Structures are given as C-alpha cells and as structure tokens.
Amino acid sequence: MFGASDSHPGIHWPSGFSPDQAHGFCQAQAVVHAPPARAFDLLTDVTRWPEWVPGVTEVRAGALARTFDVWFHGHRFETYLGEHVPHTRLGWSAVGAGVQLYQAWLLTPVGGGTHVRTENVVRGPVARSVGALSPLWTQRLNALWLAQLKRISESAPETGGA
C-alpha cells in the first residue's frame, strides 16, 4: 500500500488534501506511447469520459469553464479544476455525498511517448469505510483509468497539433 512518502514531489496538493491528511491515497504510472498533448487532450475532454473512464456514466459541463458534474457509479460529484498546465499537469477536486477527493496528473515527455503519473487522495466517511473494507480500491481504479488512457491515447489518430 502507498503512503505519503510515495507521493511525487511535483504534485501540488491543495490545503487539506495531502496524502498524510487523507483516508486513502494511491498512485499509478505508465508510459503512454503517444505525445503528451494527446493524453492531456483526452483527460481534459471531460464530456467524453463516459466513453472510456471506468465507472463514469455521465458528465455535464458547469456554467464556469473550470467546473463540471460527474456521475460515477450512480453518485454525483461536483468537480472543480484546480490546476491546468497544458500537456504537463492537471488536477481537480471533487465533492460527493460523504467523500471529497483530489486527483493530480503529471505528464512528462520521454523517449517514445509520455510518462503519465496520477495520484489520488480521498477523504470523508465514505472513503474511511470503503478504505477499511478494501484498502486497494482506489489503487485498482487508478490503474484501470490509466490503462484506459494508455489504450485510447495509443490508438488515437495523429493530429497536426500534437
């Protein structure tokens, strides 16, 4: 199981959401054989998440460009984009019934593609009880999300801007 010492020093955790303050923390990483722009574009095209993000059934863009609602396994999360550095880093917080989370993404160009790292912290009574029942649930979810991002990024057609 991962702990606060496993967090990447380049992650910018918002106040109250560092791994040592969370009820759950996990990270996953992989090399995606595609340019950073392609993976970043998939992550930021939130209206397409239901097509490839595990458990997401609906996304509605909010009135502000930095907000959106996500339905994950039937539960609504109000999501706020906290960090957005094109093709490099991304982070959002989400609030649902009994749970708050922050998910960060770092994208680094490497030979043959992009090293993608995601880290997640979850807090709240739901996170505490689910974590007690199955401490690996967030790790499995992050790994599956990253595997899907890798698959979709590597199969996407080349674009002129990437």
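Structural descriptor for the chain: relative contact order 30 percent, calculated from alpha carbon pairs under 8 angstrom and at least 6 residues apart.
Size estimate for the chain follows the Kirkwood approach: the inverse of mean 1/r over distinct Cα pairs works out to 16.0 Å. Relative to the longest principal axis of the Cα atoms of the chain, the long axis of helix 137-155 makes an angle of roughly 10 degrees. Using a probe of 1.4 Å, the accessible surface attributed to residue 72 totals some 50 Å² when neighbouring protein chains are kept in position.
Accessible surface computed residue by residue for the chain, with neighbouring protein chains in place and a 1.4 Å probe, gives 49 Å² per residue. Residues in the range 92-100 carry Karplus couplings, in order, of 9, 10, 9, 10, x, 4, x, 8, 10 Hz; the curve used is 6.51 cos²θ - 1.76 cosθ + 1.60 with θ = phi - 60°, and Gly or Pro positions show x. To put it simply, the accessible area of the chain at a 1.4 Å probe is 58 percent carbon and sulfur.
The values are calculated or read from the model by the stated rules, or taken from the named source; none is laboratory data. Since we're looking at a predicted model, the values are computed, not measured. These area figures cover heavy atoms from the full protein model, side chains too; ligands, DNA and RNA do not enter into them. Shrake-Rupley method; radii C 1.70, N 1.55, O 1.52, S 1.80 Å.
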